[in-house]
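Below you'll find the structure, written out as structure tokens, and then a few comments.
The values are calculated or read from the model by the stated rules, or taken from the named source; none is laboratory data. Please read these numbers as outputs of a predicted model, since none were measured by experiment. So basically every Cβ, Gly included, is an ideal-geometry build from the backbone, and we count neighbours across all protein chains shown. Surface accessibility is based on the protein's heavy atoms, side chains included, excluding ligands, DNA and RNA. Shrake-Rupley method; radii C 1.70, N 1.55, O 1.52, S 1.80 Å.
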Amino acid sequence: MQSLADPLSTLTWRNRFATLGNAFFTPVNAAPLRDVHWVSRSDALAHSLGLPDDWWQSNTSLQALAGNEVLPGSQPLASVYSGHQFGVWAGQLGDGRALWLGEIDTPAGTQELQLKGAGLTPYSRMGDGRAVLRSSIREFLCSEAMHGLGIPTTRALAIVGSPDKVLREEVETAAVVTRVAPSFLRFGHFEHFASLGRQEELKQLTDHAIANHFPELLSLPQGSAQYLGLLETVVQRTAVLLAHWQSVGFCHGVMNTDNMSLLGLTIDYGPFQFLDGFDPAHICNHSDHQGRYAYARQPQIAFWNLYCLGQALLPLIQDQDAAVEVLDVYKTLYPAQLDQRMAAKLGLKEVKTGDHTLINEVFKLLATERTDLTIFWRRLSQAVAGYATGHQTAAFDKVGDMFIEPSAWQVWLGQYLSRLAEEDLFRSAKSMLACNPKYVLRNHLGEQAIRQAKMGDFSEVATLLKLLSAPFDEHPGFESYATFPPDWASSISISCSS
Ligand code: AMP
Ligand code: MG
């Protein structure tokens, strides 16, 4: 039994999704795991949720986040959704291994909690409902890393591990990640009801989403105007998200419509990767044989996915031309958003005529030699800081050193310096160091933490969490986490299996 003082037992639950009714989900309890233990937890997230510092020290917290106890007020359920996978309609999918615990009131607003890897649900299909320690560490770290970078994402509160065995390519052990987000609604939730012609439920779900997650749309006339407004907002948020991803070299790996968040959050971390060397054609998911989700294709794929959402909402919007017009905004909004993000990375206060060319040219330059993306931008930021004090181009030598064939770099640097002349260099340098991260979750860093964790040592997970939560800080003594990847990094193979 929980004691009254137990922090998770005193949460205030709202569970608005659960009021929608059984057409939208199936109530289901988590399957227990044996001998559970903490692997890691995000104190920063716990703090923003209003939990006390020692929240994790109670056995109830551990058992609840393992799925072994139901917290008072929580109504565990698995939701139903469908989706397009790799461009093909896949029919019904649903939460096959994620359980919604419900919604809690927090100082950061209402937040939904999910346990990922909590056991079988009616939507598990051929799967076992479990997640392995390896992929749970990746999801946990990347969620918090994205947040640290200022990129919209679902968050991760904790990982619980268990010696219970899970079969993947080899036998691994089980883990559960507690995910946190204002809403876990996906494009696929809407596609599900639209594909079945169940317009009543489609309307009910969309009205729920608008009332609870896009309340600003309620000021529009009820009906098609609000639905069109919803589509427009999702288009905008998705454009913002994709500009973020592309600017830091983040590859999602499985941009199926069921992995697209209605709120424009990064969701479902699987075979994701931060690019090391800049290769636009890079495919991070070894199961993606066609390269559908290659880095450079992500913005177009997002647009394709938005069309699927638009198609699903069409029975409510009713006006196809208006829906297409709203969708087409993406074509200009995404490039504008990307230019804005890249201008910030270059230390430019605003995007001016000609900046788009400068940005395109730097992408070309980086692609030619597959220059390490994160190190390039960080060195460039430091170079501008040095240049601000003495106006010596030698400040850029460490950036130039990254190119085997320096002539293209020299040409670009010349153009960049003349553009920088219009800026307050000290402001530029400061803002560059605050938007070009020193630390990103490179595959090999995650891999090292996973190898140690498999042997019961979670200290690397904790170290990475600390660095990645504040990726723009210098963290003296941790420089080895910000260097070029070792040779073996390119041989890490990440598939959908998790
Ligand atoms: P994903 O590719 O991870 O986004 O998953 C696609 C679908 O497969 C979703 O409906 C997941 O819930 C489901 N799924 C993935 N892995 C498992 C698993 N191990 N057990 C049950 N369902 C799973
Ligand atoms: Mg998924």
Subject >> Residue list for the range 242-254, restricted to those being more than 10 Å from ligand 1 (Cβ to nearest atom) and closer than 15 Å to TRP304 by Cβ >> reply: LEU242, HIS252
Original post:
For the range 1-116, list the strands (runs of 3 or more DSSP E) that sit wholly inside it and hold at least 3 residues that are over 26 Å from LEU133 (Cα atoms); which are they?
Top reply: 82-85, 88-92, 98-106
**OP:** Sort out which residues of the range 224-275 are part of a strand (DSSP E or B), closer than 17 Å to GLY446 by Cα and within 16 Å of ligand 2 (Cβ to nearest atom), and write them in order of number.
**Re:** CYS251
Subject >> Every residue from the range 419-463 that is in a loop (DSSP other than H, G, I, E, B) and over 29 Å from SER40 (Cα atoms) >> reply: ALA421, GLU422, GLU423, ASP424
**OP:** Would you be able to tell me the number of residues in the range 188-203 that are over 18 Å from VAL234 (Cα atoms) and in contact with a helix residue (DSSP H, G or I) (Cβ under 8 Å, 6 or more places away or on another chain)?
**Re:** 4
**OP:** Could you look through the range 378-392, keep only residues that are of a type outside the set (Gly, Ala, Ser) and touching a Gly at 6+ places or on another chain (Cβ under 9 Å), and pick out the one that is farthest from ALA343 (Cα to Cα)?
**Re:** GLN392
Original post:
Taking the range 212-240 only, how many residues are closer than 19 Å to GLY188 by Cα and open to solvent by 10 Å² or more (accessible area, probe 1.4 Å)?
Top reply: 8
Subject >> Residue count, the range 134-185 (criterion: closer than 26 Å to GLN246 by Cα and of a type in the set (Asp, Glu)) >> reply: 2
Original post:
For SER287, all conditions in the list (1) touching an Asp or Glu at 6+ places or on another chain (Cβ under 9 Å); (2) touching a residue at least 40 places away in the same chain (Cβ under 8 Å) hold save one; what is the number of the exception?
Top reply: (1)
Original post:
Quick check: anything in the range 210-218 farther than 24 Å from LEU333 by Cβ, outside any loop (DSSP other than H, G, I, E, B) and either touching a His at 6+ places or on another chain (Cβ under 8 Å) or not assigned by TED's automatic domain parsing to the domain that holds PHE24 (or both)?
Top reply: yes
Subject >> Tally of residues being crowded, with 17+ Cβ neighbours inside 10 Å and either without any contact (Cβ under 8 Å) to a residue 24 or more places away in the chain or over 22 Å from the mean Cα position of the chain (by Cα) (or both) across the range 188-200 >> reply: 4
**OP:** Kindly indicate whether TRP304 is surrounded by 18 or more Cβ atoms within 10 Å (Cβ to Cβ) and either away from ligand 2 (no atom under 16 Å from the Cβ) or modelled with pLDDT under 95 (or both).
**Re:** no
Subject >> Residue among HIS286, HIS244 that is open to solvent by 10 Å² or more (accessible area, probe 1.4 Å) and at pLDDT below 95 >> reply: HIS286
**OP:** Select from the range 85-96 the residues that are within 12 Å of ligand 2 (Cβ to nearest atom) and not hydrophobic (A, V, I, L, M, F, W, C) and write down the one among them that is nearest to GLY188 (Cα to Cα).
**Re:** GLY94
Original post:
Cβ-Cβ below 8 Å, separation at least six or inter-chain, first residue in the range 108-134 and closer than 12 Å to GLY161 by Cα, second small (Gly, Ala, Ser) and at pLDDT below 95: which pairs?
Top reply: ALA131/SER498; VAL132/SER498; ARG134/SER498
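The rows are residues; the columns are (1) more than 21 Å from GLU139 (Cβ to Cβ); (2) within 11 Å of ligand 1 (Cβ to nearest atom); (3) open to solvent by 60 Å² or more (accessible area, probe 1.4 Å); (4) at pLDDT 95 or above.
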site	(1), (2), (3), (4)
ALA18	yes, no, no, yes
ALA23	yes, no, no, yes
VAL39	no, no, no, yes
LEU62	no, no, no, yes
HIS84	yes, no, no, yes
GLY91	yes, yes, no, yes
LEU99	no, yes, no, yes
ILE104	no, no, no, yes
